[in-house]
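**Student:** Let me begin by handing over the structure; questions about it come next.
Taken together, the values in this text are just the output of simple stated rules run on the coordinates, not laboratory data. Given the structure is predicted, the values throughout are model-derived calculations rather than measurements. No Cβ is skipped: glycine too gets one built from the backbone with ideal geometry, and neighbour counts run over all protein chains shown.
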Amino acid sequence: MSDLLNVVQDLDSKVSSLISKMKGLRGELEMVKEENLKLHSELVEKDSKIESLSSEINEYKHKLETSMNSNSNTEDVRMRIDEMVREIDECIALIKE
């Protein structure tokens, strides 16, 4: 009978230990869940910031391309004006002859 009593006491001790560990793990689980929610919130915020910055970068790229095209057009206009001035100079030279 005492062997049975020892087994029951040992079993009771082990069950109590498991219950204590379970309570500790539940507390840890809650902390991990809270941290997970916090990290998820930060991730959403960072994704939003990345999207905003990507959009801003694309706007700057577009402005840069437009500016480069404008500069190219300006150079073309200058070349055309220089060509016209040469033609006018040639015409004036012909008139003077």
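**Student:** Nearest 10 degrees is fine. How inclined is helix 2-96 to the longest principal axis of the chain, computing both from alpha carbons?
**Tutor:** 0
**Student:** Could you work out the Rg to Rh ratio of the chain, with Rh taken as the Kirkwood radius (inverse of the mean 1/r over all Cα pairs)? Can you show the working numbers first?
**Tutor:** Details: Rg = 41.2 Å, Rh = 22.1 Å.
Reported Rg/Rh, Kirkwood definition of Rh: 1.87.
**Student:** With a sphere of radius 13 Å drawn around the Cβ of Leu53, what net charge do the other residues whose Cβ falls strictly inside it have (Lys, Arg +1; Asp, Glu -1)? If you can, show how the numbers build up before the last one.
**Tutor:** Working: positive: Lys46, Lys49, Lys61; negative: Glu45, Asp47, Glu51, Glu56, Glu59.
Result for the neighbourhood of Leu53: -2.
**Student:** Starting from the Cα of Lys63, draw a straight line to each of the lysines and keep only those under 30 Å, dropping any in the same chain fewer than 8 residues away.
**Tutor:** Lys46, Lys49
**Student:** Just the Cα atoms of segment 38-92: what Rg and Dmax do they give in Å?
**Tutor:** 23.7, 80
**Student:** Based on DSSP H runs of at least 4 residues, each adding -39500 (n - 2.57), what is the mean residue ellipticity at 222 nm of the chain after dividing by all its residues, to the nearest 500 deg cm²/dmol? Kindly include the intermediate steps, with their values, before the conclusion.
**Tutor:** Details: 1 runs with 95 residues, N = 97.
Here the helix-only value at 222 nm equals -37500 deg cm²/dmol.
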